[in-house]
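Following: one structure in structure tokens, then a few remarks.
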Amino acid sequence: MNARALSISLIVVIVVGLLLATKAFFTVRVDQFAIVTEFGDPIHIIDQPGLKFKIPFIQQVKYLDKRIRGWDDTDRDTQTGETHPIEYTVFARWRISSALKYYEAVGHVKNAHGHMDSIISDQIQAAVRRHKIASLVRKTSRKFQRREAVDLNDIFGQYRLCDPDVNPEFGKSLNNVSATQKLLNAAAKRKQKDVPQAMRAQVVRGILDASNEGLLPFGIVIEDLHFKYLNYSPRVHDEIIKKIQSDRKEDIASYYEVSKECVGYIRGVTDTEKGEINGEAERRVREIDGQAVADAIKIKSTAFESNPGFYRFMRTLELFESSLKGRTSMIMSMDSPILQLMKNQRVMGDVPQKALPKPKKSTKNAPQKATP
């Protein structure tokens, strides 16, 4: 009997020992935090994996996920710095930074998402309201070529004569063109700041830092945050498109007016230079013509002084050439020098008579040869 009771007691002790062993030991995985509580109060935080020990029935173990998890949020009515409503979808990756704070302040993933909805969304909306949408969506400061297509710098770059900075006189004439004043001011601003600042990285970093500061008491840290979608609300699409069209039409009208003013100025300068060149050419022609006449008179005077008879003879020939043209009839006296010159055969010589051409033989009545 004693042996049987001893055996039963031994079995009971073994069973109780095994039960206590299963309640006293627990395992912690690599992707877990373990919080040991005693009567509901946390007394120990375990963040290293392995086999751990606790007091059975008195101490309990709570597990928390150590992995990085996702959170997203969507809003459809946030005002930008331009007072335009926008829509956005933001995505964040977060993890537990302090298991004790998370357990005491949050306790569950749903509660964690509720705190993030409040803190992160507030920071996003505050950042969006401080900036323009162009700064929020731009990562780089590349230039918009289509916007430059209506820039006065295109005219000023191709025609330096029309650049007010290079030619103040043309700038004064532009001041009288009222429609161009707005575009000129816009062009001056674009020289200093051609494109909107790329603020997306700075804005996201600011939201991340402010959110982490707000989530610090909850034991949560945001590892990464970015916008998945960001655009104007469909309610203002038509309004924005009309505004863009109106701005472009106004720019094109001013661009055309400045171009016309530039063309007129260039033509005026061209006509002035052309008149100066033509005047100088005419003056030079008159100068050369007068010099030629003077040289001719000088040559003729020299020829007359050296041989008056030959000069008189040459002038007589010139008179013949200018007077005896076509069927000219002249009545001269017997003592006319021209008649004397014409009668002087040593000078004029005999005029040979042209022989008449022989008449062609007529073959009309000639006998025809018979063909064999």
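Where a number appears in this text, it was derived from the coordinates with a stated rule and is not lab data. No experiment lies behind these values; they were computed from the predicted model shown. Heads up, the Cβs are rebuilt from the backbone with ideal geometry, glycines too, and the neighbour counts pull from every protein chain shown.
Can you check what the net charge comes to around Gly279, using other residues whose Cβ is under 15 Å from the Cβ of Gly279 (Lys, Arg +1; Asp, Glu -1)?
Net local charge, Gly279 excluded: -2.
Under a point-charge model restricted to the Cβ atoms of Lys and Arg (+1) and Asp and Glu (-1), what is the dipole moment magnitude of the stretch 2-65 relative to its Cα centre, in debye to the nearest 20? All intermediate terms of the calculation are to be shown ahead of the outcome.
Numbers: 6 positive and 5 negative charges, 73 e Å.
Dipole size: approximately 360 debye.
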Fill in the blank from the handout: In terms of the charge dipole of the stretch 2-65, which places +1 on Lys and Arg and -1 on Asp and Glu at the beta carbon, the residue among Ile8, Gln60, Thr27 farthest towards the positive end is Ile8
Exercise for the section: In whole Hz, with x marking every Gly and Pro, tabulate ³J(HN,Hα) for the stretch 270-282 from phi via Karplus 6.51 cos²θ - 1.76 cosθ + 1.60, θ = phi - 60°. Expected result: 5, 5, 4, 5, 5, x, 5, 5, 5, x, 5, 5, 5
Problem - Straight-distance crosslink candidates among aspartates and glutamates, where the alpha carbon sits under 18 Å from Lys274 and sequence neighbours closer than 8 are dropped - result: Glu282
Handout entry: ³J(HN,Hα) computed for each position of the stretch 304-315 - Karplus, 6.51 cos²θ - 1.76 cosθ + 1.60, integer Hz, glycine/proline x
Key = 5, 5, 7, 8, x, x, 5, 5, 5, 4, 5, 5
Fill in the blank from the handout: Charge tally for neighbours of Ala21 with beta carbon under 14 Å away, counting Lys, Arg as +1 and Asp, Glu as -1, is +3
Exercise for the section: Could you pull out every residue, at least 5 positions away or on a different chain, whose amide H is within less than 5 Å of the one on Lys52? Hs are placed 1.01 Å off N in the peptide plane, and Pro or chain starts have none. Expected result: Phe26, Thr27, Val28
Exercise for the section: Assign one of three labels to the stretch 2-65, namely rounded, prolate or oblate, based on the Cα gyration tensor with a ≥ b ≥ c the square roots of its eigenvalues; rounded applies when a/c is under 1.5, prolate when it is not and a/b is larger than b/c, and oblate otherwise. Expected result: prolate
Problem - Under 5 Å, built H, 5+ apart or other chain: amide partners of Glu82 - result: Ile133
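Please give the peptides 121-133, 277-289 ranked by average Cβ packing (other Cβ atoms within 10 Å per residue), highest first, as a rough proxy for protection.
With the highest mean Cβ count within 10 Å placed first, the list reads 121-133, 277-289.
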Handout entry: Subset of Lys66/Lys228; Lys101/Lys132; Lys139/Lys243; Lys62/Lys228; Lys23/Lys66 violating a 32 Å alpha-carbon distance limit
Key = Lys101/Lys132; Lys62/Lys228
